[in-house]
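Student: Here it is, the structure, as structure tokens.
The values are calculated or read from the model by the stated rules, or taken from the named source; none is laboratory data. From a predicted model like this one, the values you see are computed outputs, not experimental measurements. Glycine also receives a Cβ, built like all others from the backbone with ideal geometry; neighbour counts cover every protein chain displayed. Calculation scope for accessible area: heavy atoms of the full protein, side chains included, ligands and nucleic acids excluded. Shrake-Rupley method; radii C 1.70, N 1.55, O 1.52, S 1.80 Å.
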Amino acid sequence: MCGIIGITGHAAAVDGVVAGLRRLEYRGYDSAGVVTTDPEGLRVVKRAGKLDNLAGALDGQPLSASTALGHTRWATHGEPSDRNAHPHLDPSGRVAIVHNGIIENYQTLKAELGDVRFASDTDSEVVAHLIAEQLTASSTAATAADGTPDLLAAVRAVVARLEGAYALCVVAADDPETLVVAKHEAPLIVAQAEGVGYCASDVAALIEHTNEVAALLDGQFARITPQGIEVVDVDGVPATPHAYTVDWDLAAAEKQGYDHFMLKEIHEQPQAVADTLLDRLNAPAPGLPPRLQLDELRIDEGEFSRIDKVFILACGTSLHAGMVGKLAIEHWAGIPVDVEVASEFRYRDPIVDPHTLVIAISQSGETIDTIAGAAHARNQRAPVIALTNVVGSTLAREADGGLYTHAGPEVAVASTKAFTTQIVGCLLLGLYFGQARGRVYSSEVADILERFDRVPDALREVLELDGQLRELAQRYHDVDYTMFIGRHAGLPIAMEGALKLKEISYLHAEAFPAGEMKHGPIALIEPGSLVVALAPAGHVFGKMVSNIQEVRARGASVLAIGTAGSTAALTEHADDVLTLPEPPHELAGPILSVVPLQLFSYHVATLRGEDVDQPRNLAKTVTVE
Ligand code: M6R
């Protein structure tokens, strides 16, 4: 939540910052602001609302400087307004800060400052005051060897007093070419290219300048100047951040002719799934049968024989992918799996030990709830595997092993291609555990993978249903209530369908296991309700038909999502039936059946005139608890 970008040493630093903020806007869009430094002082322009408001203000009040710092906000403390927008200054205007995270002890710190007036209601502003105080106090550690104020030392001294999570970037009027950054439990990357220094919340903001970046680790600080980057730890001792090369380019982070990122990302799914499946089957040695290999996993195959329980931790859409993961692991590996809302995990007493495997799923790899849950498990010596889409992300770095999805950058707040590739990741993990535990023979593994390879083409077929889905959205975009129902692999998709619809169209939508409806939720059904039923051919199809009849009898309209083998039987029970190709494997079915629900939500939201890519109250990466 919140996006930060800083640039120093570039003639058009403000333009660069605004362009970077555009790519970070999905992290929060309640307000945006920029500060420039020059020897005459700091100049700030900030506006409530979307970045366009800031861009408009800058048109009327151009700023020019070679050092600039920008922020796009997802509000935590203080309403979205001009005064609460970042950057924040100290009262003398000497120091400016931008912050992503929450300073939990800000009230104590404010009280310690005494009778000082604050210009905002945020938790962040106090940090600017404290740093300015450090710089002013001549006898503090915030002094360089030559006696001049040392911004990095001042920031280190202040950060030692902070509780909470923060990615901070600081500039000071008396050191105009320097950016100082600090990181604790919120992402921050730094980079240097052609005499320009950069920092940002994620690579999307920097990809047009460089693909060589370094992620700061918790407790690290950096001084960024046009001449170079100095990274130190909390004691000021030189430290090494996590350097890596980004394997996608600017084009991948742009809309490329689509009206919205969400639509583009829906259409990228065949390729993203193919990329995630690529090159997984290899012979371990010449003459040996090919085996599924997950090289990034970094956990020895033998270790899986010692695992007697799996926890999958995730939030939101990633949690729904984890629900498919449970089916896959239990089916192929025969290990019991619990899927847990990550934000709940560490606040109860989960039974976790070294024989428990934890799989943490997160597109961004920066979701604080998931990171904290995984850390809790590691403290109890459970091995943790991170299933993420972002190389170098915090979760990927902190886990014992990992598996990357290869979805490329996902910009829309509503997750689509990340979800389908996470399901692929879960299927691969389930199959791999089954292979490692000797429950699935090599020939079966090869056969199943060969079937998975047919999924991208099947996805292309599903995408051709777009016209039909637009018509269905026309018909249903004003319904009062939508219930999604499914069983087995259809249940996670029902849940994901409901999440997609509510998050971008703001329609009331819920999901239930189809068999659970009669235990309460069916009371909600009345004429005018819409029920979306996941009803592919398979072992639960007959039961789904009964449940469809139950809601139809109570006046609901039914939109059934069937497959080639089930739709003939569905037509007499549903108002509308959509026919998907038969999936090449039952557990790959969710990868196909979620796509019509993504498109349906997309069309409903656009018909209702909502902001598809930036839905209200949300942010793409949730770095606060
Ligand atoms: O980056 P993560 O996968 O950890 O994000 C978890 C959720 O915040 C995310 O999946 C959210 O539910 C989606 N944006 C919904 O479309």
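Student: Can you list residue pairs whose Cβ atoms sit under 7 Å apart, with the first residue in the stretch 440-454 being under 12 Å from residue 588 (Cα atoms) and the second being open to solvent by less than 30 Å² (accessible area, probe 1.4 Å) and in a helix (DSSP H, G or I)? Count only pairs 6 or more apart in sequence or on different chains.
Tutor: Once the first residue is under 12 Å from residue 588 (Cα atoms) and sits in the stretch 440-454, its partners that are open to solvent by less than 30 Å² (accessible area, probe 1.4 Å) and in a helix (DSSP H, G or I) give 448/431; 452/277; 452/427; 452/588; 453/277.
Student: Moving to a separate point now. Output yes when any residue across the stretch 198-206 is free of Cβ contacts under 8 Å to residues at least 60 places away in the same chain, surrounded by 15 or more Cβ atoms within 10 Å (Cβ to Cβ) and not in a helix (DSSP H, G or I), and no when none is.
Tutor: Checked the stretch 198-206: no residue is free of Cβ contacts under 8 Å to residues at least 60 places away in the same chain, surrounded by 15 or more Cβ atoms within 10 Å (Cβ to Cβ) and not in a helix (DSSP H, G or I).
Student: Out of 156, 223, I need the residue that is open to solvent by 20 Å² or more (accessible area, probe 1.4 Å), assigned to a helix (DSSP H, G or I) and farther than 14 Å from residue 101 by Cβ. Which one?
Tutor: It is 156.
Student: To continue, here is another question. Looking at (1) assigned to a loop (DSSP other than H, G, I, E, B); (2) open to solvent by less than 20 Å² (accessible area, probe 1.4 Å), find the lone condition where residue 262 falls short.
Tutor: (1)
Student: Here are 288, 327, 278: which of them is assigned by TED's automatic domain parsing to the domain that holds residue 411, more than 16 Å from the ligand (Cβ to nearest atom), under 30 Å from residue 208 (Cβ atoms) and open to solvent by 10 Å² or more (accessible area, probe 1.4 Å)? Walk me through it before giving the result.
Tutor: Numbers: 288 fails: under 30 Å from residue 208 (Cβ atoms); 327 fails: under 30 Å from residue 208 (Cβ atoms).
Exactly one of 288, 327, 278 is assigned by TED's automatic domain parsing to the domain that holds residue 411, more than 16 Å from the ligand (Cβ to nearest atom), under 30 Å from residue 208 (Cβ atoms) and open to solvent by 10 Å² or more (accessible area, probe 1.4 Å), namely 278.
Student: Here are some residues: 405, 420. Which one is polar (S, T, N, Q) and within 13 Å of the chain's Cα centre (by Cα)? Lay out the reasoning, then the answer.
Tutor: On the way: 420 fails: within 13 Å of the chain's Cα centre (by Cα).
Within the list 405, 420, the selection yields 405.
Student: For the stretch 363-401, which positions are touching a helix residue (DSSP H, G or I) at 6+ places or on another chain (Cβ under 6 Å), more than 20 Å from residue 344 (Cα to Cα) and away from the ligand (no atom under 14 Å from the Cβ)?
Tutor: 401
Student: Checking residue 251 against (1) open to solvent by 40 Å² or more (accessible area, probe 1.4 Å); (2) not in a helix (DSSP H, G or I), which test does it fail?
Tutor: It fails just one condition, (2).
Student: Take residue 34 and decide whether it is touching a Ser or Thr at 6+ places or on another chain (Cβ under 7 Å), open to solvent by less than 20 Å² (accessible area, probe 1.4 Å) and in the same structural domain as residue 195 (by TED's automatic domain parsing). Show your work before the answer.
Tutor: On the way: touching a Ser or Thr at 6+ places or on another chain (Cβ under 7 Å): no; open to solvent by less than 20 Å² (accessible area, probe 1.4 Å): yes; in the same structural domain as residue 195 (by TED's automatic domain parsing): yes.
Against the criterion (touching a Ser or Thr at 6+ places or on another chain (Cβ under 7 Å), open to solvent by less than 20 Å² (accessible area, probe 1.4 Å) and in the same structural domain as residue 195 (by TED's automatic domain parsing)), residue 34 does not qualify.
Student: Please verify whether residue 116 is β-branched (Val, Ile, Thr), in contact with a His (Cβ under 8 Å, 6 or more places away or on another chain) and farther than 24 Å from residue 200 by Cα, treating the condition exactly as stated.
Tutor: Working: β-branched (Val, Ile, Thr): yes; in contact with a His (Cβ under 8 Å, 6 or more places away or on another chain): yes; farther than 24 Å from residue 200 by Cα: yes.
So residue 116 fits the description; yes.
Student: What is the number of the single condition among (1) open to solvent by 20 Å² or more (accessible area, probe 1.4 Å); (2) under 25 Å from residue 20 (Cα atoms) that residue 246 does not meet?
Tutor: It is condition (1) that residue 246 fails.
Matching residues to (1) touching a residue at least 24 places away in the same chain (Cβ under 8 Å); (2) over 26 Å from residue 623 (Cα atoms):
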residue	(1), (2)
10	yes, yes
15	no, yes
25	yes, no
28	yes, no
41	yes, yes
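Student: Also: Please tell me if residue 27 is of a type in the set (D, E, K, R) and surrounded by 24 or more Cβ atoms within 10 Å (Cβ to Cβ).
Tutor: Details: of a type in the set (D, E, K, R): yes; surrounded by 24 or more Cβ atoms within 10 Å (Cβ to Cβ): yes.
When the stated conditions are applied, residue 27 passes them.
Student: Another question, then. Within the stretch 583-594, does at least one residue satisfy the condition of being crowded, with 18+ Cβ neighbours inside 10 Å, within 13 Å of the ligand (Cβ to nearest atom) and not assigned by TED's automatic domain parsing to the domain that holds residue 393?
Tutor: Yes, there is a match, as at least one residue in the stretch 583-594 is crowded, with 18+ Cβ neighbours inside 10 Å, within 13 Å of the ligand (Cβ to nearest atom) and not assigned by TED's automatic domain parsing to the domain that holds residue 393.
Student: Restricting to the stretch 330-344, what's the tally of residues that are small (Gly, Ala, Ser), in contact with a Lys or Arg (Cβ under 9 Å, 6 or more places away or on another chain) and buried (at least 16 other Cβ atoms within 10 Å of the Cβ)?
Tutor: Residues of the stretch 330-344 that are small (Gly, Ala, Ser), as a first pass: 333-334, 342-343.
Keeping just the survivors that are in contact with a Lys or Arg (Cβ under 9 Å, 6 or more places away or on another chain) gives 333-334.
Narrowing the set further to residues that are buried (at least 16 other Cβ atoms within 10 Å of the Cβ) leaves 333.
The number of residues fulfilling the criteria is 1.
Student: Tell me the helices (runs of 4 or more DSSP H) entirely within the stretch 437-554 that contain at least 3 residues that are away from the ligand (no atom under 16 Å from the Cβ). So that I can check it myself, show each step before the final result.
Tutor: On the way: elements: 442-452, 455-463, 466-476, 490-505, 541-552.
Counting at least 3 such residues, we get 442-452, 455-463, 466-476, 541-552.
Student: Just to check your reading of the model, which residue among 414, 375, 386 is of a type outside the set (Phe, Trp, Tyr) and open to solvent by 10 Å² or more (accessible area, probe 1.4 Å)?
Tutor: After ruling out the rest, the residue left standing is 375.
Student: Follow-up. Inspect all residues belonging to the stretch 102-111 and state whether any of them is in contact (Cβ under 8 Å) with a residue 40 or more places away in the chain and over 27 Å from residue 185 (Cβ atoms).
Tutor: For the stretch 102-111, residues in contact (Cβ under 8 Å) with a residue 40 or more places away in the chain and over 27 Å from residue 185 (Cβ atoms): absent.
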